[in-house]
1. Non-local amide H neighbours of Val216 (under 5 Å, H modeled in plane, Pro and chain starts lacking H): which ones?
2. As a test question: what accessible area, to the nearest 10 Å², does Glu323 have when a 1.4 Å probe is rolled over all protein chains in place?
3. Is the shape of region 138-271 best called rounded, prolate or oblate, per the rule: a/c under 1.5 gives rounded, else a/b larger than b/c gives prolate, else oblate, with a ≥ b ≥ c the square roots of the Cα gyration tensor eigenvalues?
4. Give, rounded to the nearest 20 debye, the magnitude of the charge dipole that region 129-279 has about its Cα centre when Lys and Arg contribute +1 at Cβ and Asp and Glu contribute -1 at Cβ.
5. From largest accessible area down, sort Arg353, Arg309, Arg169; use a 1.4 Å probe on the protein chains.
6. Mean projection of the alpha-carbon convex hull of region 149-197 over all orientations, in nm²?
7. Read phi for every residue in region 159-164 and hand back ³J(HN,Hα) as whole Hz from Karplus 6.51 cos²θ - 1.76 cosθ + 1.60, θ = phi - 60°, with x for Gly and Pro.
8. Can you pull the accessible area of Val241 for me, 1.4 Å probe, Å² to the nearest 10?
Amino acid sequence: MPGVMVQIPKQQPAQPPGTSGAARPEAAGVARGAVPTSADVARLAGVSRATVSYVLNNTSAVRISEPTRRRVHEAAKELGYVPHAAARSLRAGHTRIVLMPTPEVPVGPLYSAFLNELQWALSRLDYTVVQYGSVGLGGEQAARAWAELRPVAVLAPVGMGPDGIGILRRSGAKAVITLGPDPVAGAHALIMDHREVGRAAGDHLIARGHRRIGVVMPREEGLGTFALPRLAGVEDTGAEVVRLPLAYEEEDAARAAGHLRERGLGAVFAYNDEYAMLLMRALQDTGAAIPDDVAVIGADDLMLGRLLRPRLSTVRIDLPSGEELAGLVDRLVRDPAAEPEVRNVLGASAVPRAST
């Protein structure tokens with residue numbers, strides 16, 4: 001199967017040998033070296049195998065008392081028993097896997113932190129998060145590769161169309177959720193419209209008296225997914241927009257700084273804080289005073305931007321918490337017949353500082 005899979009396991013605290021929590025399967029009648037079974041757990045806990053299955057699979061349709069749940073979990077822990085994921089998925093038609101295709105472009109620290117928070121929140125709800133690399137795959141081909149894992153839910157990337165969504169749903173995925181600027185038929189949608197980021201930056205610069213604004217367009221492959229909507233957002237403000245292609249390299253930043261001053265641009269929205277810091281340093285190397293000669297605003301509100309001199313103005317991007325989205329995924333998995341939901345989850349607001 002193409003791609004690379006990275007599994008984020010649910011974390012369990014390690015216990016040193018000899019402590020009260022150490023596994024002792026032989027004490028419960030399990031031969032040394034044998035793999036403990038659900039029957040062994042049932043015998044140790046004094047319950048039926050069905051009860052063990054209900055408890056360890058978090059079955060909500062059957063009421064199990066809290067003391068019984070505790071006994072089952074303690075017995076499983078003592079024996080070192082882990083449910084057989086493959087067998088469970090054969091019975092259910094899906095796994096407890098939530099599939100998050102690995103981003104093919106650098107998404108920056110803000111989105112990396114958001115995705116990490118979401119992963120851990122899902123793991124606390126007894127889902128196993130799998131990131132799946134699909135370099136060179138797209139559309140239906142990618143959907144078929146992901147469907148082989150039989151995920152219970154998929155957070156689909158930008159570019160996944162209705163046909164790909166259909167493949168994932170037919171493979172047993174109970175919830176398919178797209179992340180992007182527009183909804184896709186057949187899937188739930190978390191709308192992240194980056195035009196809002198550009199509008200916030202453009203409005204801020206216009207309020208500072210700038211009508212002609214340079215907008216950094218990263219040369220790095222794949223970032224157009226975010227950069228083009230941000231550019232459109234600045235255009236929506238009515239400002240005269242000048243595109244400034246820029247690679248994330250000091251040499252290219254030096255060239256861009258020179259061109260920017262030659263063209264008489266007095267304000268720049270630099271795509272994000274990282275490109276803004278790169279461009280600010282290059283401008284200062286040319287002798288430009290910020291913001292007197294050139295005003296610069298970034299996006300993402302990174303800590304490092306606050307430590308610059310002058311402090312970097314930015315657009316703060318508000319995303320929902322990982323816990324909130326994990327709860328949404330869990331609810332949609334439990335109600336696979338629910339009508340597709342569309343939520344706008346990206347907010348943007350300018351944070352004025354000394355660079356503008």
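The values are calculated or read from the model by the stated rules, or taken from the named source; none is laboratory data. Keep in mind that this is a model prediction, so the values were computed, not measured. With ideal geometry, Cβ positions are generated from the backbone for all residues, glycine too; neighbour counts draw on all protein chains shown. These accessible areas exclude ligands, DNA and RNA; they are computed on the full protein's heavy atoms, side chains included. Shrake-Rupley method; radii C 1.70, N 1.55, O 1.52, S 1.80 Å.
1. Leu244, Phe269, Ala270, Tyr271
2. Counting only protein heavy atoms, Glu323 exposes about 140 Å² to solvent.
3. Numbers: a/c = 4.42, a/b = 2.29, b/c = 1.93.
Prolate, since a/c reaches 1.5 and a/b exceeds b/c.
4. Dipole size: approximately 360 debye.
5. Details: Arg353 55, Arg309 155, Arg169 80 Å².
Largest accessible area first, the residues go Arg309, Arg169, Arg353.
6. Values: hull surface 12.9 nm².
Mean projected area of the Cα convex hull: 3.2 nm².
7. In residue order, the calculated couplings are x, 6, x, x, 5, x Hz.
8. Near enough 40 Å² of accessible area.
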